[in-house]
1. From the residues in the stretch 45-67 that are among the aliphatic types (A, V, I, L, M) and modelled with pLDDT of 80 or more, which one is surrounded by the most Cβ atoms within 10 Å (Cβ to Cβ)?
2. Considering the stretch 83-110 alone, what residues qualify as being within 27 Å of the chain's Cα centre (by Cα) and either in contact (Cβ under 8 Å) with a residue 24 or more places away in the chain or farther than 23 Å from G57 by Cβ (or both)?
3. Return the pairs, sorted by first residue and then second, in which the second residue is modelled with pLDDT of 80 or more and among the β-branched types (V, I, T), the first residue lies in the stretch 68-80 and is under 10 Å from I93 (Cα atoms) and surrounded by fewer than 11 Cβ atoms within 10 Å (Cβ to Cβ), the beta carbons are less than 6 Å apart, and the residues are 6+ apart or on different chains.
4. Output the number of residues of the stretch 4-36 satisfying the condition of being modelled with pLDDT of 85 or more and hydroxyl-bearing (S, T, Y).
5. Taking the stretch 19-28 on its own, how many of its residues are small (G, A, S) and within 25 Å of the chain's Cα centre (by Cα)?
Amino acid sequence: MNSEYLILFFLLGVILVGGAIVFSMFVAPSSKNSAKSEPYECGIPVKSDAWIQFNVGYYLFAIIYLIFDVETVFIFPWGVVMRDMGLTAFIEILVFFFILVLGLLYAWKKGALRWV
């Protein structure tokens with residue numbers, strides 16, 4: 001009986017998403033011009049190739065941001081169960097924060113946080 005609901009839910013999702021796509025093809029306004037085929041539609045003429053090399057510092061900065069952004073995902077559940085777990089949860093989060101601070105200090109020392 002549960003598999004029937006799962007199949008029904010899946011089919012309903014496919015029908016709704018497919019219907020929305022087909023509906024938007026008929027209703028959405030569209031224009032065909034040469035500017036639509038360019039990489040950016042900001043009105044500024046393209047001066048060079050789009051495949052330029054970026055400084056690796058941008059990628060490092062993004063990865064460090066993601067690391068510290070993902071750590072907040074672990075802090076929320078900890079905050080929910082902290083009162084029930086007591087001292088054990090507190091010590092575990094201190095170790096977690098210590099490792100994060102060490103990573104931040106390492107990135108700072110290596111200059112990965114300089115936006116130049």
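The values are calculated or read from the model by the stated rules, or taken from the named source; none is laboratory data. On a predicted model such as this, the values are computed, not experimentally measured, just so you know. Quick reminder, even Gly has a Cβ in these numbers, built from the backbone with ideal geometry, and neighbours come from all protein chains shown.
1. Our first condition is that a residue be among the aliphatic types (A, V, I, L, M); within the stretch 45-67, this holds for 46, 50, 52, 56, 60, 62-64, 66-67.
If we keep only those that are modelled with pLDDT of 80 or more as well, we get 62-64, 66-67.
Numbers: A62: 10, I63: 11, I64: 17, L66: 10, I67: 13.
Taking the candidates together, the pick is I64.
2. First, pick out the residues of the stretch 83-110 that are within 27 Å of the chain's Cα centre (by Cα): 92-110.
Of everything in the stretch 83-110, those that are within 27 Å of the chain's Cα centre (by Cα) and either in contact (Cβ under 8 Å) with a residue 24 or more places away in the chain or farther than 23 Å from G57 by Cβ (or both) turn out to be E92, I93, L94, V95, F96, F97, F98, I99, L100, G103, L104, A107.
3. Qualifying pairs under 6 Å: none.
4. Of the residues in the stretch 4-36, the ones modelled with pLDDT of 85 or more are 4-28.
Right, trim to hydroxyl-bearing (S, T, Y) and you get 5, 24.
Selection size over the stretch 4-36: 2.
5. Counting residues in the stretch 19-28 that are small (G, A, S) and within 25 Å of the chain's Cα centre (by Cα) gives 1.
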